[in-house]
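Right, one structure below, let's go through it.
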Amino acid sequence: MNSRTQQRDRGVILTPTGKQKLQAEIDRLGITSERYAVRKIHAKIQLELNGETLHPDTVRKIVRGQGVEKSSLELVFRALRLKLEEVDCDLAPKNQLQNAEDSETSSFVTGTPITHPRYFFGRKKELKRLFDLLKRRPLQNAVIIGKSGSGKTSLLEYLKNITTTPTAQLRPGQKSDWLPSPENYRWIFVDFQDPRRQSREGLLRYILECLKMSVPSPCDLEGFMDVVSSNLLQPTVILFDEIGVGLQRCPELDDEFWESLHSLRTYQTNGNLGLVLATPVSLIELARSTGHSLPFFNIFRYNPLLSL
């Protein structure tokens, strides 16, 4: 192979059609991280192709949609028993290849939460349980327990976005019809690591603004309860991320606040309010260790606990 052919060969990238084939197979295999995808594909090459091998860095480039030699792409597709047609490859000049790589978002995101549902893989069992709790009135509650980095935030973002993301922006065949009338739902994502959510007034004002409801003056707990109880007519889910931070660092979010939220959800919104909490440890243990009383947190004792 001459140098010109080698240079062109390294300019091969998958077109959207080829990427869709690869992503669909990765999804079918239940792969949920880039590291696992690289390890799994590398092992399948050795198993399926009589000991042939491909450097993990090359596999990683293919997973990320970066340019590699065409022979490497063919090896991966053969190992996964996928058909790589000529139309699925672009032989791009180096500058075009670089532009394609710069504009392409990786199928796997590590280190930061996944905010676009197209790039979220797996967790089908957990998703089904969660949406089953939220698909009819009264909306129920749930607790997601997992260590730091286990994907709690990404799961909450997926809940919030998947049912209203246009099909054209999802992977082929990606399930999005989790709810009967998704356009009627309102989702509020609360990250207690954001200092603007760590005061009572700041949090109440944020929730009301997300609901497009009038903000009373002063924006205190009583005024908040009056506005929400009178105007919450659509199914609404509040997603509390990093609830441990809210209990440990936010003295204004005291027992009165949590018990008022419990009353609002249980008695004053006609079943239209559901809560999903994400925590690294048991919610009851967390409440006890931070000196909070248990009435509000006990309502989660009998709700599903999803461990990641």
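Some points to look at:
- Computed from phi, the 3J(HN,Hα) profile of segment 234-239 under the Karplus parametrisation 6.51, -1.76, 1.60 (θ = phi - 60°) reads 10, x, 9, 10, 9, 9 Hz, with x in place of Gly and Pro.
- Nearest-10 value in Å² for the accessible area of Tyr158, using the 1.4 Å probe: 10
- Its residue count N sets the reference 2.2 N^0.38 Å, and the alpha-carbon radius of gyration of segment 130-273 equals 1.08 times that reference.
- Share of Cα-Cα pairs in segment 119-194 lying beyond 19 Å, as whole percent: 38
- Surface share of carbon and sulfur [accessible, 1.4 angstrom probe, percent] for the chain: 46
- A simple spin-label model places the labels of Ser307 and Ala168 4.4 nm from each other, with each point 7 Å out along Cα-to-Cβ.
- Computed over segment 228-284, the alpha-carbon pair-distance distribution with 5 angstrom bins reads 4, 17, 24, 26, 17, 10, 2, each value a whole percent.
- Taking His116, His42 and ordering them by how much accessible surface each has at a 1.4 Å probe, largest first, produces His116, His42.
- Segment 167-229: proportion of alpha-carbon pairs further apart than 17 angstrom, %: 55
- Selection from Asn231, Leu22, Gly274, by position along the positive dipole direction of the chain (Cβ): Leu22
- Within segment 188-308, the ratio Rg/Rh, alpha carbon atoms throughout and Rh by Kirkwood, equals 0.93.
- Dimensions of the chain along the principal axes, based on C-alpha atoms and rounded to the nearest Å, stand at 77, 36, 34, largest first.
- Computed on protein heavy atoms with a 1.4 Å probe, the accessible areas place Leu29, Leu277 in the order Leu29, Leu277, largest first.
- Surface accessible to a 1.4 Å probe, per residue, for the residues of the chain, Å²: 51
- Accessible surface, 1.4 Å probe, highest first, among residues Lys175, Lys212, Lys21, Lys83: Lys212, Lys83, Lys175, Lys21
- Surface accessible to a 1.4 Å probe, Glu52 within the full protein complex, Å²: 80
- As a length-normalised measure over Cα pairs under 8 Å and 6 or more apart, the relative contact order of the chain settles at 19 percent.
- Taking a straight Cα-Cα cut-off under 17 Å and skipping sequence neighbours fewer than 8 places away in the same chain, the lysines within cross-link reach of Lys175 are Lys21, Lys124, Lys125, Lys128, Lys135, Lys160.
The values are calculated or read from the model by the stated rules, or taken from the named source; none is laboratory data. What you see is a predicted model; the values in this text were computed from it and never measured. Note: ideal-geometry Cβ built from the backbone for every residue, glycine included; neighbour counts use all protein chains shown. These accessible areas exclude ligands, DNA and RNA; they are computed on the full protein's heavy atoms, side chains included. Shrake-Rupley method; radii C 1.70, N 1.55, O 1.52, S 1.80 Å.
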